[in-house]
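Report on the following structure.
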Amino acid sequence: MIQVKMFDKEHEKDLEFAVNRFLRKLEDEDVLDIKYQVTVDVDRDEQVYCFSAMVMYKA
């Protein structure tokens, strides 16, 4: 069965840590793909970043 795991963090290092921690639980051959996205918004002269990733894997 193919499944996905979603990650959403405010800082890129937090996303990196969370994805790497999850990947340690999987075998290399079970990871099918990883999609990465960065979204930026401006809120009252402040830039707000959202870093997200989706890991597709075999369960």
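Bear in mind that the values in this text are calculations on the coordinates, not laboratory data. This one's a predicted model, so the numbers in the text were calculated from it and none came from an experiment. All Cβ positions, even for glycine, are placed from backbone atoms using ideal geometry, and neighbour counts span all protein chains on display.
With a cut-off of at least 3 residues that are among the charged types (D, E, K, R), name the strands (runs of 3 or more DSSP E) lying wholly within the chain. It would help to see each step written out before you state the result.
Numbers: elements: 2-9, 31-43, 46-58.
Correct list: 2-9, 31-43.
Considering only residues that are in contact (Cβ under 8 Å) with a residue 40 or more places away in the chain and aliphatic (A, V, I, L, M), look in segment 7-59 and name the one that is surrounded by the most Cβ atoms within 10 Å (Cβ to Cβ). Let's see the steps before the verdict.
The initial filter retains those residues of segment 7-59 that are in contact (Cβ under 8 Å) with a residue 40 or more places away in the chain, namely 7-11, 50-59.
From what is left, the residues that are aliphatic (A, V, I, L, M) are 53-56, 59.
Details: 53: 18, 54: 15, 55: 20, 56: 14, 59: 9.
Looking at the filtered set, the residue picked out is 55.
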